[in-house]
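Reading through the structure tokens given below for one structure.
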Amino acid sequence: MATDQAQDDSISDTYGEFRSRVERISSVEDAGGVLRWDQEVVMPEDGTPARAQQLSTLSSISHELLTADETGDLLEELEAADLDDEQAAVVREIRRKYERATSVPEELVAEISETTATAHPEWKQAKENDDFEAFAPTLEKLVELKREYAEHIDPDADPYEVLFADYEPYLDLETAERVLERLRDELVPLIEAIDGSSAEITTDAFSGTFDDDDQEALACDVLDSLGYDWSRGRLDTAPHPFSTGTQFDARVTTRFEPEDLLGSITSTIHEFGHANYTLGLPDEQYGTPLGQSRDLSVHESQSRLWENHVGRSRAFWDHFLPIARERFPELEAVTPEEAYESANQVSDDNLIRVEADELTYHLHIVIRFEIERALISGDLEVEDVPEAWNDKYEAYLGVRPETDAEGCLQDIHWSHGSFGYFPTYSLGSVLAAQLYAAIEADLGDFSADIRNGEFDALNGWLRENVHRHGKRYTTPELIEEATGEAFTADYFLEYVAEKYGELYDL
Ligand code: ZN
């Protein structure tokens, strides 16, 4: 008895020491996040050299803390001990992070970071000049470096699988591949059917020119209406909208284009979904994985759930159109049905991912996924990327880019060396539909709530079933806990078949 007690005390001391180390690492990382937000949102143009140095210093401090022998010793000691579920989850998450950080040589990390630092302006220039060849050597180098990186982490695994796991550690690549193939096989004919449909839906409810300041006021209305907590958040603008922060301070950015009012509304709702997830993480677990969000697919499920299932629903436009009319009297003649239709038009001749609708979006992702896999495996040479890209757009979307700027150079991700990131966008949308179906099964039809601008029940469900768990469960466990089922594309495919079948008289 006495021995057990002594053992418990010693584990609890070890865990306490471990937890405070974990919290220090996470504070350093979060401080970097604030500096990056500042860089994107308010920093003057010439601030870059100092900021780059500050960020690099913070990143080496957190790397040193994480990879120190003390961290390894504490992990070993705790793994041999009898831990409760929460402690075990924290140890599991930090072990994974530790393994990844210690298996890649520091010189390689530095080389990747230097290459991406120069790759970014090179990509930007190449895109502006529509000159893929100018970017090709850097892309080739990044592919090689990332292959090498994957080799260090797991020499026996498919390197793409290792890279994908950086963004989505617990859904295996086979699952991702199965889901993406199913999306391709079922969405291509659905989009063709829509293209051949004679249904006429309203597409121009939001045409016109809209003042920036009024758009900003409306974005605040959107956030107010969805229940954003302004005491823990703020709204700013950024060229590529994002959200960042912690449960105490989760900030949203959006963008305003004079001729794209709908885009600013949907982008604000999307980023709200991300920030709202962060705000739902438990306060008392701040600084440990239990107070941090699960990975990119789950994060994207939250933004897509609000953007698509709420923000592109009829009920939402019944609720929100009158609010929008207060800011923009020119919308007086628009009906909620017209707003709904305009927010859901499908356009298969769009070449640009970030402008895609809810259906064609996934084909943009499938194309990137197939090209990335072939690039990393060596089946596709960098010089052949533009042709492979254009052929796939023709095959899946029936449209062929005329320039590489609107083809394979359009996205920033590869210049960051981010291979394996894209699939999480589609997986997140698919998961959003599965969660939404589970919410409807639990709460019944709550479109009346949405029509009244009441989001508490929906948000309460998300808090209870997703947000409050942080990283306590792995992604498949979290999905199973929240929905009672394994991850599946069934609900997404049912949702789009029903929604678009009705819109386009299929
Ligand atoms: Zn997102």
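Listing for the model above:
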read-out: Meets criteria (closer than 30 Å to G378 by Cβ, within 24 Å of the chain's Cα centre (by Cα), crowded, with 22+ Cβ neighbours inside 10 Å and in the same structural domain as F320 (by TED's automatic domain parsing)) for G420; value: yes
read-out: From the options A433, A395, residue that is farther than 28 Å from T115 by Cβ and open to solvent by less than 20 Å² (accessible area, probe 1.4 Å); value: A433
read-out: Residue within the stretch 394-411 that is modelled with pLDDT of 95 or more and aromatic (F, W, Y) present; value: no
read-out: Filter result for the condition that a residue is open to solvent by 70 Å² or more (accessible area, probe 1.4 Å), closer than 25 Å to E372 by Cβ and touching a helix residue (DSSP H, G or I) at 6+ places or on another chain (Cβ under 6 Å), over E174, E186, E168; value: E186
read-out: Number of the exception - R312 against (1) under 23 Å from D260 (Cα atoms); (2) assigned to a loop (DSSP other than H, G, I, E, B); (3) open to solvent by 40 Å² or more (accessible area, probe 1.4 Å); value: (3)
read-out: Qualifying residue in the stretch 290-297 (condition: buried (at least 23 other Cβ atoms within 10 Å of the Cβ), within 16 Å of the ligand (Cβ to nearest atom), at pLDDT 95 or above and under 19 Å from the mean Cα position of the chain (by Cα)); value: yes
read-out: Candidates T335, T278, filtered to the one that is more than 24 Å from E168 (Cα to Cα) and open to solvent by 10 Å² or more (accessible area, probe 1.4 Å); value: T335
read-out: Residue within the stretch 110-127 that is farther than 30 Å from P239 by Cβ and in a helix (DSSP H, G or I) present; value: no
read-out: Options H270, H240: the member that is within 25 Å of Y473 (Cβ to Cβ) and within 14 Å of the ligand (Cβ to nearest atom); value: H270
read-out: S225 being away from the ligand (no atom under 16 Å from the Cβ), touching a residue at least 24 places away in the same chain (Cβ under 8 Å), surrounded by fewer than 21 Cβ atoms within 10 Å (Cβ to Cβ) and not aromatic (F, W, Y); value: yes
read-out: Residue in the stretch 381-398 that is hydroxyl-bearing (S, T, Y), assigned by TED's automatic domain parsing to the domain that holds C220 and in contact with an Asp or Glu (Cβ under 8 Å, 6 or more places away or on another chain) present; value: no
read-out: Residue that is nearest to D204 (Cα to Cα) [pool: residues in the stretch 260-307 that are outside any helix (DSSP H, G or I) and either charged (D, E, K, R) or not assigned by TED's automatic domain parsing to the domain that holds H469 (or both)]; value: D260
read-out: Single match in A199, A217, A205 (criterion: over 19 Å from the mean Cα position of the chain (by Cα), buried (at least 16 other Cβ atoms within 10 Å of the Cβ), of a type in the set (G, A, S) and over 20 Å from Q302 (Cβ atoms)); value: A205
read-out: Helices (runs of 4 or more DSSP H) wholly inside the stretch 366-472 that include at least 3 residues being in contact (Cβ under 8 Å) with a residue 60 or more places away in the chain and either within 16 Å of the ligand (Cβ to nearest atom) or in contact with a Lys or Arg (Cβ under 6 Å, 6 or more places away or on another chain) (or both); value: 423-443
read-out: Search result, residues across the stretch 308-319 that are within 18 Å of A438 (Cβ to Cβ) and within 14 Å of the ligand (Cβ to nearest atom); value: N308
read-out: Test for T253: is it within 16 Å of the ligand (Cβ to nearest atom) and either within 22 Å of G32 (Cα to Cα) or buried (at least 16 other Cβ atoms within 10 Å of the Cβ) (or both); value: yes
read-out: Number of positions in the stretch 475-494 that are open to solvent by less than 20 Å² (accessible area, probe 1.4 Å) and within 27 Å of V91 (Cβ to Cβ); value: 4
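The values are calculated or read from the model by the stated rules, or taken from the named source; none is laboratory data. A quick note: this is a predicted structure, and the numbers were derived from the prediction, not measured. Reconstructed Cβ throughout: ideal geometry from the backbone, glycine too, with neighbour counts over all protein chains shown. Remember, those area values only see protein heavy atoms, side chains included, never the ligands or the DNA or RNA. Shrake-Rupley method; radii C 1.70, N 1.55, O 1.52, S 1.80 Å.
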